[in-house]
Amino acid sequence: MAPPRTIVAPLVLAGLALAGPPALAGPLAAGTAAPPVRALAQSPELWATVDVCNSPNHPHTVGIRGSMPTDGHPHDVMYMRFLVQSLDATTHQWVDLGKSADSGFVQIGSAKSTRQAGRTFEFKPTTTSFTMRGLVEFQWRRAGHLVHLASRTTTARHTSLAGAEPKGFSAATCTLT
């Protein structure tokens with residue numbers, strides 16, 4: 001499997017949608033300088049994981065959760081976009097599944113502290129098995145302009161503050177049948 005993909009670039013973009021409340025993971029210490037862009041991209045607090053995979057309470061469902069660190073600017077706003085990808089059995093390439101498996105950018109809160117958020121995607125049952133993973137795109141925006149951008153594919157062994165089923169579940173991929 002390919003290593004997590006990261007893209008970091010300064011850009012300009014207008015703000016988008018509001019979503020439910022994220023979980024907080026801790027504020028930036030008072031007087032702490034904002035991390036440079038490279039530090040954001042390499043932060044252990046920047047990750048994505050599959051936290052629900054065809055569980056008894058959520059059959060035919062894939063849950064994706066992301067974590068993003070503060071950029072040190074408390075007035076910046078953080079956004080995440082959750083996408084589900086499927087492994088093409090013929091080409092062995094990951095492909096996006098389209099609009100029904102794309103949350104669009106979701107506002108998760110201010111950049112005062114590291115935050116987590118997630119989305120679940122339900123799929124119709126099928127007789128064929130599909131291996132899926134998540135891709136989370138992260139944005140830090142200031143006054144409606146994009147100032148940092150990163151993305152991660154899902155990996156295992158992360159701690160979700162909410163939503164994992166069963167509790168503590170974290171995987172790189174999910175196979176649905």
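Nothing in this text is a laboratory measurement; each read-out follows from the coordinates by a stated rule. Just so we're clear, the structure is a prediction, and the values are computed from it rather than from any experiment. Note that we place each Cβ from the backbone using ideal geometry, even for glycine, and neighbour counts take in every protein chain shown.
With respect to the conditions (1) in a loop (DSSP other than H, G, I, E, B); (2) buried (at least 21 other Cβ atoms within 10 Å of the Cβ), HIS75 lacks only one, and its number is (2). Filtering region 131-164 to residues that are crowded, with 19+ Cβ neighbours inside 10 Å, out of contact with any His (no Cβ under 8 Å at 6 or more places or on another chain) and polar (S, T, N, Q) leaves SER151, THR153, THR154, THR155, SER160.
What number of residues within region 143-163 satisfy the criterion of being more than 11 Å from the chain's Cα centre (by Cα) and on the phi < 0 side of the Ramachandran plot?
Going through region 143-163 one residue at a time, the tally reaches 11.
If you go through region 36-58 and pick out every residue that is without any contact (Cβ under 8 Å) to a residue 40 or more places away in the chain and either part of a strand (DSSP E or B) or among the hydroxyl-bearing types (Ser, Thr, Tyr) (or both), you end up with 1. Each residue in region 100-151 was checked for being hydroxyl-bearing (Ser, Thr, Tyr) and touching a Lys or Arg at 6+ places or on another chain (Cβ under 8 Å), and 2 pass. Applying the set (1) surrounded by fewer than 16 Cβ atoms within 10 Å (Cβ to Cβ); (2) in a loop (DSSP other than H, G, I, E, B); (3) not aromatic (Phe, Trp, Tyr) to GLY104 leaves exactly one unmet item: (2).
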